[in-house]
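Reviewing the structure listed below.
The values are calculated or read from the model by the stated rules, or taken from the named source; none is laboratory data. As the structure is a prediction and not an experimental result, all values here were calculated from the model. A quick note on method: Cβ atoms are made from the backbone with ideal geometry, for glycine too, and the neighbour counts reach across all protein chains shown. To get the accessible areas, we keep the full protein, side chains included, count just its heavy atoms, and leave off ligands, DNA and RNA. Shrake-Rupley method; radii C 1.70, N 1.55, O 1.52, S 1.80 Å.
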Amino acid sequence: MSPIALDPPAVARPSHGNNYSSAIPIIDPTAARRPTEAVTVDSPNLTYTDEALVAKYTFHSAEVKQDGQRYSVKPVEKNLELKTLRAVPKTGLMLVGWGGNNGTTLSATILANQHNISWSTRDGTQTPNYLGSLVRASTLRLGSDAAGKDVFVPFSDVLPMVHPNDLVVGGWDISGMPLDRAMRRAKVMDYDLQRQVAPLMAELKPLPSVYYPSFINANQGERADNVIPGEDKAAHLEQIRKDIREFKAANGLDKVIVLWTANTERYAEIIPGVNDTKENLLQAVKDSHAEVAPSTIFAIASILEGSPFINGAPQNTFVPGCIDLAEHHKAFIAGDDFKSGQTKVKSVLAEFLVNAGIKPLSIASYNHLGNNDGHNLSAPAQFRSKEISKSSVVDDMVEANHLLYKPILETPKGEKAVANGEKARTTEHPDHVIVIKYLPAVGDDKRALDEYNSEIMMGGRNTLNIFNECQDSLLATPLIIDLVLLAELLTRVTYRSTPEAEFENMYSVLGLLSYMLKAPLTKPGVDVINSLNRQRGALEAFLRACVSLQPASDLINFTQMQ
């Protein structure tokens, strides 16, 4: 396997037609290099050392006690010290499913940005960019200038972060097809761009991957010509660990992040004595137990090699034993399922309706797509994994408003209290139906139709219908970039609550990555937050805390208090 290198081989410069000159390359602002530490904070609570930024930060919250309809609130303050290492490491990204739509799109995008390759489309000349990336293409409000005007800075400028052009990319796939041919098979990128990056993509070939047919749709078998032989899952685990080590050494990397962007698997059954503790899970791997999924093999390998592992598909990769193992090794994990199109809109719209005091009664979501993801999801077991991750996105908004949705005393008739990752309902809930159909003709251009039927004042009704057409992989790929860049940053942040204590790593489950994920993994026993606004707000607050700034507030702007 030849990964995407930091300094790729020379490639012929593209023709830019009449719009641009190849002698003066146009670099999109989302791909431009800016100062590593563009933001400097002048505060007695922030210390700059050669090694790190050390911030003193006071976390403000409120402790609430409820007695019927009366609430007693006590403000709470917690002092923390956050240390962020300033040196940006040479970082590798290993994709599971490198030869799929997302993997080939990511590789072609990075190569196009590295070489600043422009290409012709029916609308004119297109330059490469990282649009859709929270880190590279969005801004946050830093504060106000002397005239009281808001100042916005790129998200990536607040703390030192890896530039996506510098990622060294490699990975595995059950299909051994070189990435130039896999890119043509995916039918995502414009032809002229494919033509120009093909010589570079042809050098990239995935490593053999883990293939257990019972976990994915049988229609994927025709692709499986590049698999690790045998049925010994312990041997498979050791091979993946070896692949990670060799990739890191061969490319002189400081850090490797592993991300699953392969097929959606069926849910693994949670079996006491098999995958409920770290010891049982490792023994189950030695026993080649049937319920140890390929994605869990990759997660275990990453944990044992000290590489953060991110699950971009909806299956339950992180069985209880896997989370237990990550906690034991203080390794980093995150998931599940990229939140790219319809679900991201739903998390915003459902929150808008509920926060406006409008009661959604039913949400009907219909999708059809023709890429290999849709092909795999045509099997009931794989579709069920996706249905679970998409259906839970409105739960926390619903449960937050007890004026609209009343508590229920028992689980609705016909429903299990807890099944396959779903929790028992504690409140009323909108009727929520999700349909996904495979329609080859639309390719990667997924169609999503949603109907929101809500109750308004005095028994009235309000119905919103939304049609969303989106290029699936071109929305998911920037999420991969965000997940990797932010996960890498979080590995460089440590904290302590007293000056006498030792600095310790962040908790193993990286909940701060929830913004990019449909079904965010949380610490066992902690409720999931799906609100997109709250997820982004947490990320902004964290970045600000690392440079000793409190969360931004619009109180003064709206009140004009002097």
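Within segment 56-87, the set of residues being closer than 20 Å to Thr498 by Cα and of a type in the set (Lys, Arg) comprises Lys56, Lys78, Lys83. If you filter segment 274-302 down to residues that are of a type in the set (Val, Ile, Thr) and more than 20 Å from the chain's Cα centre (by Cα), you find that the one that is nearest to Gly97 (Cα to Cα) is Val292.
Look at (1) in the same structural domain as Leu486 (by the TED database); (2) open to solvent by less than 40 Å² (accessible area, probe 1.4 Å) and you find that Asn367 fails only one, number (1).
Out of all the residues in segment 258-270, is one or more open to solvent by 40 Å² or more (accessible area, probe 1.4 Å), in a loop (DSSP other than H, G, I, E, B) and on the phi > 0 side of the Ramachandran plot? No, every residue in segment 258-270 fails to be open to solvent by 40 Å² or more (accessible area, probe 1.4 Å), in a loop (DSSP other than H, G, I, E, B) and on the phi > 0 side of the Ramachandran plot. Say whether the condition of being open to solvent by less than 40 Å² (accessible area, probe 1.4 Å), of a type outside the set (Val, Ile, Thr) and over 30 Å from Asn557 (Cα atoms) is met by at least one residue in segment 137-158. There is no residue in segment 137-158 that is open to solvent by less than 40 Å² (accessible area, probe 1.4 Å), of a type outside the set (Val, Ile, Thr) and over 30 Å from Asn557 (Cα atoms). For segment 117-136, the criterion of being open to solvent by 40 Å² or more (accessible area, probe 1.4 Å) and small (Gly, Ala, Ser) is satisfied by at least one residue.
Give the residues of segment 323-340 that are open to solvent by 10 Å² or more (accessible area, probe 1.4 Å), in a loop (DSSP other than H, G, I, E, B) and under 30 Å from Asp445 (Cα atoms), sorted by residue number. Hits for segment 323-340 are Asp336, Ser340. Of the numbered criteria (1) in a helix (DSSP H, G or I); (2) open to solvent by less than 20 Å² (accessible area, probe 1.4 Å); (3) over 27 Å from Leu253 (Cα atoms), the one Arg184 fails is (2). Residue under question is Ala552, and the condition is that it be surrounded by fewer than 21 Cβ atoms within 10 Å (Cβ to Cβ) and modelled with pLDDT under 90; does it hold? Answer is yes for this residue. Tell me, yes or no, whether segment 71-91 has at least one residue that is aromatic (Phe, Trp, Tyr) and either in contact (Cβ under 8 Å) with a residue 24 or more places away in the chain or open to solvent by less than 20 Å² (accessible area, probe 1.4 Å) (or both). No, segment 71-91 has no match at all. Here Ile174 meets each of (1) more than 20 Å from Trp98 (Cβ to Cβ); (2) open to solvent by less than 30 Å² (accessible area, probe 1.4 Å); (3) among the β-branched types (Val, Ile, Thr) with one exception, condition (1).
Residue count for segment 229-246 satisfying the condition of being open to solvent by 20 Å² or more (accessible area, probe 1.4 Å) and touching a helix residue (DSSP H, G or I) at 6+ places or on another chain (Cβ under 7 Å): 2.
Conditions tested, residue by residue: (1) out of contact with any Asp or Glu (no Cβ under 9 Å at 6 or more places or on another chain); (2) assigned to a strand (DSSP E or B); (3) in the same structural domain as Tyr267 (by the TED database).
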{"site": "Leu142", "(1), (2), (3)": "no, yes, yes"}
{"site": "Ala146", "(1), (2), (3)": "yes, no, yes"}
{"site": "Val153", "(1), (2), (3)": "yes, yes, yes"}
{"site": "Pro160", "(1), (2), (3)": "no, no, yes"}
{"site": "Val169", "(1), (2), (3)": "yes, yes, yes"}
{"site": "Val188", "(1), (2), (3)": "no, no, yes"}
{"site": "Asp192", "(1), (2), (3)": "yes, no, yes"}
{"site": "Glu203", "(1), (2), (3)": "no, no, yes"}
{"site": "Ala234", "(1), (2), (3)": "no, no, yes"}
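Exactly one residue out of Gly92, Gly97 is on the phi > 0 side of the Ramachandran plot and either touching a strand residue (DSSP E or B) at 6+ places or on another chain (Cβ under 6 Å) or modelled with pLDDT of 95 or more (or both): that is Gly97.
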